[in-house]
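The values are calculated or read from the model by the stated rules, or taken from the named source; none is laboratory data. Here the structure is a predicted model, which is why all the values come from computation and not from measurement. Note that each Cβ is placed from the backbone with ideal geometry, even for glycine, and that neighbours are counted across all protein chains shown. Surface accessibility is based on the protein's heavy atoms, side chains included, excluding ligands, DNA and RNA. Shrake-Rupley method; radii C 1.70, N 1.55, O 1.52, S 1.80 Å.
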Amino acid sequence: MNDTKKSNRLFMILNCLALGIIAMNLTAPVHEATHLLTQMIAGAKPVFLSFGAADTVDPAIDPNSSFFWKVMYEGSAALMNIVIGFVLLIILKKAKLGSLSRPLVLMTTMMHLSMGFGYFLRDGIAYSPDPEHQMGDWSKVLGRFDGNIILRIGMLVVGSLGILLVFYIAYRQAFHFISDNEDKKERGRVASAIYLFPYILNAVVFTLVELRNPIGIENVLIISPIINIFGMIGFFWGYMFVAHMVKPRKDNVYYVSPCAERKIGLWIIAVAALALDAFVLCPGIYF
């Protein structure tokens with residue numbers, strides 16, 4: 001039986017939307033928590049932790065501190081995203097995951113790698129020597145080294161290669177959910193469910209819920225679209241590559257149904273996660 005027939009498509013979409021929400025909750029808060037914990041280890045005092053920001057007081061690091069601490073103070077969160085992304089990628093490649101766990105791990109892998117490498121790419125491009133305009137994590141790292149051109153070029157190269165890796169993962173991994181690689185309609189149904197619809201939903205929903213972020217609406221309206229729309233663009237291109245642009249792969253990979261069944265418990269978890277984001281994490285937890 002083809003689990004991606006139109007009669008089953010609604011449940012497949014709803015399940016993937018729920019998994020996308022859960023995956024984002026396993027990504028962005030981890031990024032901010034890494035910031036907070038790293039800065040606390042460096043001696044700073046925590047102020048608040050939110051879905052899209054973390055703040056501490058006494059943030060200054062001794063100018064004679066090691067390269068490691070100068071980088072880790074602002075750059076540790078993106079590095080943590082990359083480490084987690086590669087660990088999850090190994091799980092994707094080595095483990096025989098099921099119909100819910102595989103798309104969840106896939107989405108979370110892509111989100112962590114997109115966020116981690118996205119900071120390298122975006123901040124390498126948009127670096128400003130003015131400290132007041134150094135909005136990205138790695139813009140601040142660059143600022144500590146006076147915008148060192150070699151470091152900046154290295155960031156651009158690493159960030160570009162990392163985002164290309166996300167595109168590659170999106171294309172290759174999608175075929176675990178496609179029973180007939182030559183069926184263009186099936187490829188379109190699967191790719192839209194696991195990539196396109198979660199991408200659109202997350203871009204809209206998480207930009208809206210983050211309006212309550214303690215960093216202010218003005219900053220949220222700049223930062224959230226960069227992360228949710230441009231930062232997660234690998235989901236859009238994953239859909240385009242699989243459904244329309246790239247010739248389907250010929251080698252066989254083990255097939256797992258993309259869970260085209262009613263999963264009310266999963267939907268409840270996703271709604272609860274969104275409520276937690278909207279009413280607790282986005283306004284911020286203050287210490």
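Overview of values
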item: Cα-centre dipole for the stretch 113-241 with unit charges at Cβ (Lys and Arg positive, Asp and Glu negative), debye to 20; result: 240
item: Highest average packing first - 260-268, 224-232, Cβ atoms within 10 Å; result: 224-232, 260-268
item: Under 20 Å from the Cα of K45 - lysines, other chains or at least 8 residues apart; result: K70, K140
item: Restraint check, K185/K247; K96/K247; K96/K185; K94/K247; K185/K250, Cα-Cα greater than 19 Å; result: K96/K247; K96/K185; K94/K247
item: Approximate spin-label separation I268-A33, in nm, with each point projected 7 Å along Cα-to-Cβ; result: 2.3
item: Interchain or long-range residues, amide H under 5 Å from I285's placed H; result: L49, S50
item: Principal-axis tilt of helix 149-174 within the chain, Cα atoms, nearest 10 degrees; result: 20
item: Using a Förster distance of 35 Å, the FRET efficiency for I153-I222 (Cβ separation, nearest 0.05); result: 0.90
item: For the stretch 189-287: Kirkwood Rh in Å [reciprocal of mean 1/r, alpha carbons]; result: 15.8
item: Mean residue ellipticity (222 nm) of the chain, computed from DSSP H runs ≥ 4 via -39,500 (n - 2.57), nearest 500; result: -20000 deg cm²/dmol
item: GluC sites (Glu not before Pro) lying in DSSP loop within the stretch 154-241, provided at most 16 other Cβ fall within 10 Å; result: E182
item: Cα-based equivalent ellipsoid, the stretch 163-226: semi-axes from gyration tensor eigenvalues, Å; result: 33, 13, 7
item: Probe 1.4 Å, accessible area per residue of the chain, Å²; result: 47
item: Prolate/oblate/rounded label for the stretch 143-251 (Cα gyration tensor, a/c 1.5); result: oblate
item: Sparse-neighbour loop sites [trypsin sites (Lys or Arg not before Pro); the stretch 29-111; at most 16 other C-beta within 10 Å; DSSP]; result: K96
item: Listed candidates (1) 35, 21, 15; (2) 37, 24, 15; (3) 40, 24, 16 - label of the one calculated as semi-axes √(5λ) of the Cα gyration tensor in Å; result: (1)
item: Cα extents of the stretch 6-163 along the three principal axes, largest first (Å); result: 61, 34, 29
item: For peptides 234-240, 200-206, 107-113, 280-286, sequence by mean Cβ density within 10 Å, most packed first; result: 107-113, 234-240, 200-206, 280-286
